[in-house]
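The values are calculated or read from the model by the stated rules, or taken from the named source; none is laboratory data. Just so you know, these numbers come straight off a predicted model, no measurement behind them. For neighbour counting, all protein chains shown are included, and Cβ atoms are generated from backbone atoms with ideal geometry for every residue, glycine included. Note: accessible area is taken over every heavy atom of the protein model, side chains too, but ligands, DNA and RNA are not part of it. Shrake-Rupley method; radii C 1.70, N 1.55, O 1.52, S 1.80 Å.
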Amino acid sequence: MQIRNIEFQKLKFIKPPAPIFEEDTLDSLSELNLESLIPIFLQNSPKGTIIWFGETLLKKSQHGRVIIFSQSEKLPAILVTIAVFIRYRRPLYPLEIARVVALLTQSCSTTNLPRYFSKITGQKYRAEWQQYSRKILALHPALLSFLVQHKAPLKTYLLLTEWSSIEQDLLSELFRYCAPTLSQSEIINRLLLDTCKIYQTNLSELLDQHGIRATITQSTLPLIERASFLIQQLRQLRFPTISALEKDIERLKQRLPGTAKVQLSWDTTFETRELHLHFTMRDKRDLAILKDYGRDENLALLAKLLDLL
Amino acid sequence: MPDYRIKKIFLDESARGDELTSAILQHYPDIEPTIVQGFPLKSTHHSNPKTVLYLTHSKGSIVKDCPGIVPEHLCCRYQVINQTLNCPLNCSYCILQDYLNQAATVIYTDVDIIQRAVQQRVTTQPQRFFRFGTGELGDSLALPASRLFAQRLIPFFASLPNAILELKTKTVAIDDLLGLSHNEHTVIAWSLNAAAVIKQEEHGTASLTDRISAAQRVQDAGYLLAFHFDPLVLIPDANTAYRQVIDVLFEKIEPARIAWISLGSLRFPQSLEERIRQRYPNTKLLPAEMIAGRDRKMRYFRPLRVNLYRSTYQYIKTLAPDVFVYLCMETPRIWEEVTGSRPQDNTELDYRFALNLYQCFPRTVTLAPLRAAYY
């Protein structure tokens, strides 16, 4: 085994699962502008260089540190070395674990697989990993990139694997437009999955029929607000009754005297019919606001609000 | 029917000499029990807990108030006997998935201690009429061990003047009970649901028609009956689907033999949602328009469940006006919107049960209940 540094600019993004490359062709695989995920482990083979796994965000200061294994070294031993190398810095990403499973499945007996898996990943092997691995490695590259960059847990990966490849394309487009955080992406994903089930439709139809894609992609909102806006739109589709009621309440609430001294809230679980009016009074002049709030038309609005609740 | 086969039995030293233990072991002549002192498997053990039995003695109190008592909801003050901990059936919505983490189905075999605990409860308030049930942490009749326990409880309850036993099931395993002397102090109860929900969500349970046929046989044996429309699920055209169930029910069952009917809508702790998705990817329960209540349980949005309750309640009352119908784990407001009235509190609801039994089943409740005795 030898470790050597490769010029950072020459390290390239490789789509999973890692294929065999000529070292000289690494240049053509670059996606450095996307803060690239870089395979850092190579094995010499008669056909070329096998890039095993190890997608990590390399900072420029780290440079491309490449470990090259000789042909005689056995795969599990290589993987253990790699995993220790990575785990020294951070826990393994689900993507990396998926790749470990794929590689071990090709090269180990089923009896040895759990043992090697535990040694490499530090986790107990579960039979479900076979299925997870296949699905994760087939995820859209842009989504994989998103997941790794956001250090997503396994459940987020699995949530995304529920979409077909065409739907994953759409989803990655949506993510590009609204740049969600990890938790926002999980909410969006869950809302979309559930809403598609409710409307018994696919993602493409759902987004187009309800104008969601157009609304988001043509939005002039600042990037930072787009994900919240999308969630709001999707919630209205996913929870139609609750959303309609919330809208009605908001509409009535806006007709009440709005002042910084008065706050109106209600039981957001809708289980109890509780309205909470919170008055902040600092001097006697504030009593006038209180008095104003007690006008008949305001009380009538409050009564309507109670009826809605 | 599911594979009820038990593959392994652990027998705790403490339970070795029990009469119930011997009876249970006779059911599994091919399995040599492993004698242990304390349960040897960890909760993370990979064997299926439904295929492993652990016979032991109860450690703490296993006769308890129903855990449904929370301030926001009306509770009927049911008493639970947790003798069997786990269930061989596989209902996708089952709370036990979240609640139990033992690596085996635990069976308590110290029947005398359990009976003493029941006796103690009922003698402390002799004027209150108590309802006990074994179906809280498992089906009351699905496992032979539960049925054998029920066979010992039925004659015991027959002799208690102020208590009744409810055996709740989704199976048709009633043959062993038919000849027992019950003195109308045992209610055999079935959970009922729309045929589509049974097929899709209640894996390994008996079909709707089989359940009702079994109920008819139990009715012929003189037992009191109860039915639980729980969980009501918002399937497409749910109101019609549940009306069809009620039609099927009253075709075969005499309303005058029904001690009570409950209505409860689908509900589960938030933490269970992900588990349901993982274990039952084909479930139709999710997604739904649900909201977390103050007890942190997910329920259908209030107007939706009021609509479902109201339709089901009114149809039952149309076909059987005198049957006692109650809502399980619901707020006073929902009670009012569905039934037009609400019990003042949990004690009044408990009292209403006793009063109804006294009026409809005078052999069961022989003395007129006093409101003051329910506190």
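Of note:
- Neighbour net charge for A:Ala227 - beta-carbon separation under 13 angstrom, K R +1, D E -1: +1
- With pairing defined as another cysteine C-beta under 4.7 Å, the cysteines of chain B that fail it are B:Cys66, B:Cys75, B:Cys76, B:Cys87, B:Cys328, B:Cys360.
- Phi angles of region B:210-227 translate, via the Karplus equation with coefficients 6.51, -1.76, 1.60 and θ = phi - 60°, into HN-Hα couplings of 5, 4, 6, 5, 5, 4, 5, 5, 5, 4, 5, 7, x, 6, 7, 10, 9, 9 Hz per residue; Gly and Pro are given as x.
- Region B:302-364: trypsin sites (Lys or Arg not before Pro) in DSSP loop, at most 15 other beta carbons within 10 Å: B:Arg363
- Computed on region A:212-252, the Cα convex hull volume stands at 76 Å³ per residue.
- B:His27 accessible area, 1.4 Å probe, all protein chains in place, Å² to nearest 10: 90
- Here the label points at B:Asn239 and B:Asp65, each 7 Å from Cα along the C-beta direction, are separated by 3.7 nm in the simple model.
- Relative contact order (%) - chain B, alpha-carbon pairs under 8 angstrom, separation at least six: 16
- When the Gaussian network model of chain B links Cα atoms closer than 10 Å, the mean-square fluctuations of B:Asp345, B:Asp322, B:Asp237 top out at B:Asp237.
- In terms of accessible area, using a 1.4 Å probe and ignoring ligands and nucleic acids, B:Tyr28, B:Tyr300 rank largest first as B:Tyr28, B:Tyr300.
- When the Cα atoms of region A:244-308 are aligned to their principal axes, the ranges along those axes come out at 38, 21, 16 Å in descending order.
- For region B:224-247 versus region B:274-311, the gap between their alpha-carbon centres in whole angstrom: 16
- Of the residues A:Thr110, B:Thr366, B:Thr186, the one with the largest accessible area comes first in the ranking A:Thr110, B:Thr366, B:Thr186, computed with a 1.4 Å probe on protein heavy atoms.
- The accessible area of B:Leu178, taken with all protein chains in place and a 1.4 Å probe, comes to roughly 50 Å².
- Calculated FRET efficiency, A:Thr111 to A:Glu162, Cβ-Cβ distance, R0 = 30 Å: about 0.40 to the nearest 0.05.
- With Cα atoms defining each centre, region B:85-141 and region A:171-215 are spaced 45 Å apart in the structure.
- Percentage relative contact order, region A:162-238, counting C-alpha pairs under 8 Å, at least six apart: 45
- Scalar couplings 3J(HN,Hα) for region A:182-198, obtained by applying the Karplus form with A = 6.51, B = -1.76, C = 1.60 to θ = phi - 60°, are 4, 5, 4, 5, 5, 5, 4, 4, 5, 4, 5, 4, 5, 5, 4, 5, 4 Hz; x denotes Gly and Pro.
- Near the amide H of B:Val325, within less than 5 Å, lie the amide hydrogens of B:Ile261, all on another chain or at least 5 residues away, with H placed in the peptide plane.
- The largest-to-smallest principal axis extents of the Cα set in the protein assembly as shown are 94, 82, 50 Å.
- Of B:Arg211, B:Arg294, B:Arg257, the one that fluctuates the most in a GNM where chain B has Cα springs shorter than 10 Å: B:Arg294
- For chain B, the spread of Cα coordinates along the three principal axes comes to 57, 50, 38 Å, biggest extent given first.
- Solvent-accessible surface (1.4 angstrom probe) belonging to B:Lys64, in square angstrom, nearest 10: 90
- Cβ-defined net charge surrounding A:Ser265, 14 Å radius [Lys, Arg +1; Asp, Glu -1]: -2
- Spin-label zone in region A:146-169 - amide nitrogen under 18 Å from a point set 7 Å from the Cα of A:Tyr199 along the C-beta vector: A:163-164, A:166-169
- Alpha-carbon Debye profile of region A:162-238, log10 I(q)/I(0) at 0.24 Å⁻¹: -1.22
- Relative contact order (percent, whole number), region A:244-308, Cα cutoff 8 Å, 6+ residue spacing: 35
- Chain B: most fluctuating residue of B:Thr105, B:Thr21, B:Thr124 per GNM, C-alpha cutoff 10 Å: B:Thr124
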